[in-house]
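Worksheet: one structure, shown below.
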Amino acid sequence: MRYRYCILGGGILGLATAAELLRRDPRARLLLVEKEPGFARHQTGHNSGVIHAGIYYAPGSLKARLCKAGAEATKAFCRAKGIPFDTCGKLLVATTPLELQRMEVLAGRAAENGIGIEPVSAACLRQIEPNVAGLGAILVPSTGIVDYRRICAALAEELAAAGAELRTGIAATAIAETGSGVELRLSDGSRIAADRLIACTGLQSDRVARMGGLAPRHRIVPFRGEYYTLPPARSGIVRHLIYPIPDPDLPFLGVHLTRMIDGRVTVGPNAVLGFHREGYARGSLRPADLADMAGFGGFWRMAAGHWRSGIGEFRNSLSRRGYLALCRKYCPSLTLDDLREPGAGIRAQAVMADGTLVQDFLFLDTPRQLHVCNAPSPAATSAMPIAAMIVDRMEEAA
Ligand SMILES: Cc1cc2nc3c(=O)[nH]c(=O)nc-3n(C[C@H](O)[C@H](O)[C@H](O)COP(=O)(O)OP(=O)(O)OC[C@H]3O[C@@H](n4cnc5c(N)ncnc54)[C@H](O)[C@@H]3O)c2cc1C
């Protein structure tokens, strides 16, 4: 079988990229291969469901640009497909004088990124969110919530209607690049050939890049994002999404209160080192994943630089009381009994050999392959413009 394009990965990036390719080249033969029995089974299906506005990112950066464009594209896609979303807005709450200073920096960034925000005094905060306490806050009215699994299902439907072949429950197990394309072996024993391969394989992306003959200088380190769900009787506790002011030295946003589109409210996620790239249960460990990490010098350099925050995350992961203390800083009425139904998502965090956590998108390519090697949050929000960028990049290289 020969295809024009083969996409690996049925998360939001693989599906959005496939859809973009077929919009531009409707007659192209396209195959999408996903190793799980359905779409969005890893990062995309375990995320917080937030359509980020993009206030955190350095003005002019790719992340800032793609997030703003992505939020608009996501909402437009949902409107066109009848997928529910809610532009409920988000409050970033400062609870210490240091956080107030950091909040001012964020407000400046939002202005430079062209994102409307409203300053909220402590008194006003009490009025609009009686269960939230802080020294001040900023309101980002354009932040929204959605179920990204619904978006993936709609993309898959669009692809099938456009004639794409979608194979689930099948993994790519070998990739060989030839002068005219790529040849792949799949886990069902079949072989296929394609002119171009695009791999959006998230937590496995470094391994899939190596499978394709590339020599990535980074390794994926899994970071668990553990969360709890409030009991239904407490889901009216907040009207907005409530976020702490993030520590600029850490790549994650801090434990937040998230309203989900199905009416639940979750508390989390944190960011704890994981020992199993795809093991969602607490305490999951896969020896091969652990060995991969332990054999990578960048992991130890990262650990040396972040051991203090890492230990704090482990402590709060093991103790619900510690976790609760994080949330009570801005939502003091939460109790231990509110932290129910633990769940987790796992972030694919690329770490470089020098121990740096890659904060931006990372792509590696060859004449016939493009591998998305780091697609951190807000990549679900930004998926549509990222897909357009991937296709532009491939067209330029052709
Ligand atoms: C806890 C958490 C909260 C988050 N919250 C948000 C948020 O609120 N808003 C936001 O914008 N972003 C958020 N993100 C980030 C966002 O979810 C991810 O950046 C995004 O989903 C990445 O999509 P992806 O398609 O690259 O990866 P994935 O969704 O992980 O998809 C990769 C796919 O590749 C498949 N695959 C792997 N190897 C193979 C192979 N050999 N053959 C075939 N298939 C293969 C996997 O099975 C998987 O389905 C969050 C992430 C996490 C983990």
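The values are calculated or read from the model by the stated rules, or taken from the named source; none is laboratory data. Since this is a predicted model, take the numbers as computed values, not measurements. In this analysis, Cβ positions are derived from the backbone assuming ideal geometry, glycine residues included, and neighbour counts consider all displayed protein chains.
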Qualifying residues in the stretch 347-385 (those that are within 9 Å of the ligand (Cβ to nearest atom) and β-branched (Val, Ile, Thr)) - the one farthest from Asp249 (Cα to Cα)
Val372
Give me the residue from the stretch 36-59 that is part of a loop (DSSP other than H, G, I, E, B) and either among the hydrophobic types (A, V, I, L, M, F, W, C) or within 18 Å of Ala73 (Cα to Cα) (or both) and, out of that set, farthest from the ligand (Cβ to nearest atom).
Ala58
Within the stretch 218-233, identify whether any single residue is free of Cβ contacts under 8 Å to residues at least 60 places away in the same chain and part of a loop (DSSP other than H, G, I, E, B), and answer yes or no.
no
Residue satisfying condition, being more than 22 Å from Glu20 (Cα to Cα), away from the ligand (no atom under 14 Å from the Cβ) and not aliphatic (A, V, I, L, M), within set Arg219, Arg185, Arg196
Arg219
Which is free of Cβ contacts under 8 Å to residues at least 40 places away in the same chain, within 14 Å of the ligand (Cβ to nearest atom) and surrounded by fewer than 22 Cβ atoms within 10 Å (Cβ to Cβ), of Arg286, Arg210?
Arg210
Do we have Arg277 as basic (Lys, Arg) and within 11 Å of the ligand (Cβ to nearest atom) here?
yes
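Every residue in the stretch 104-142 that is charged (D, E, K, R) and either in a strand (DSSP E or B) or over 24 Å from the mean Cα position of the chain (by Cα) (or both), please.
Matches in the stretch 104-142: Glu104, Glu118, Arg126, Glu129.
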When the stretch 263-297 is examined, which residues are found to be on the phi > 0 side of the Ramachandran plot and under 16 Å from the mean Cα position of the chain (by Cα)?
Gly268
So for the stretch 381-393 (the condition being modelled with pLDDT of 95 or more, within 18 Å of His256 (Cβ to Cβ) and not in a helix (DSSP H, G or I)), does at least one residue qualify?
yes
Show the residue pairs meeting these rules: Cβ distance below 7 Å; 6+ apart or different chains; first residue within the stretch 155-178 and more than 21 Å from Met211 (Cα to Cα) and free of Cβ contacts under 8 Å to residues at least 60 places away in the same chain; second residue buried (at least 16 other Cβ atoms within 10 Å of the Cβ) and not charged (D, E, K, R).
Ala160/Leu166
Please specify each residue of the stretch 101-124 satisfying the condition of being out of contact with any helix residue (DSSP H, G or I) (no Cβ under 9 Å at 6 or more places or on another chain) and under 21 Å from Asp247 (Cβ atoms).
Gln101, Arg102, Met103, Glu104, Val105, Leu106, Ala107, Gly108, Ala110
Residues that are within 11 Å of the ligand (Cβ to nearest atom) and among the acidic types (Asp, Glu), drawn from the stretch 240-264:
none
If you check every pair at least six apart or on different chains, which have Cβ atoms under 8 Å apart with a residue in the stretch 79-98 that is outside any strand (DSSP E or B) first and a residue that is of a type in the set (Asp, Glu) second?
Ile83/Asp147; Pro84/Asp147
Quick one: what pairs do we get from the stretch 16-43, first residue at positive phi, second of a type in the set (Val, Ile, Thr) and more than 8 Å from the ligand (Cβ to nearest atom), C-beta under 9 Å, 6+ apart or different chains?
Ala40/Ile151
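Please specify each residue of the stretch 328-346 satisfying the condition of being away from the ligand (no atom under 16 Å from the Cβ) and outside any loop (DSSP other than H, G, I, E, B). Before you say what the answer is, go through the steps one by one.
Step one: list which residues in the stretch 328-346 are away from the ligand (no atom under 16 Å from the Cβ), which gives 328-340.
Within the stretch 328-346, Arg328, Leu336, Asp337, Asp338, Arg340 meet the criteria.
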Considering residues that are farther than 16 Å from Cys331 by Cβ and among the aliphatic types (A, V, I, L, M), the number found within the stretch 81-130 is 12
Check on Val267, modelled with pLDDT of 90 or more, closer than 22 Å to Tyr56 by Cβ, of a type in the set (Val, Ile, Thr) and in contact with a helix residue (DSSP H, G or I) (Cβ under 9 Å, 6 or more places away or on another chain)
yes
So Leu139 passes all but one of these: (1) within 30 Å of Gly108 (Cβ to Cβ); (2) within 12 Å of the ligand (Cβ to nearest atom). Which condition number does it fail?
(2)
Any idea which residue in the stretch 161-183 is nearest to Ile386 (Cα to Cα), counting only those that are surrounded by 21 or more Cβ atoms within 10 Å (Cβ to Cβ) and under 27 Å from the mean Cα position of the chain (by Cα)?
Ala164
Residue hits (the stretch 1-33; within 9 Å of the ligand (Cβ to nearest atom) and assigned to a loop (DSSP other than H, G, I, E, B)) are Gly9, Gly10, Gly11
Looking for whichever is outside any loop (DSSP other than H, G, I, E, B) and either buried (at least 21 other Cβ atoms within 10 Å of the Cβ) or in contact with a Lys or Arg (Cβ under 9 Å, 6 or more places away or on another chain) (or both) here; the options are Tyr280, Tyr243. Which one fits?
Tyr243
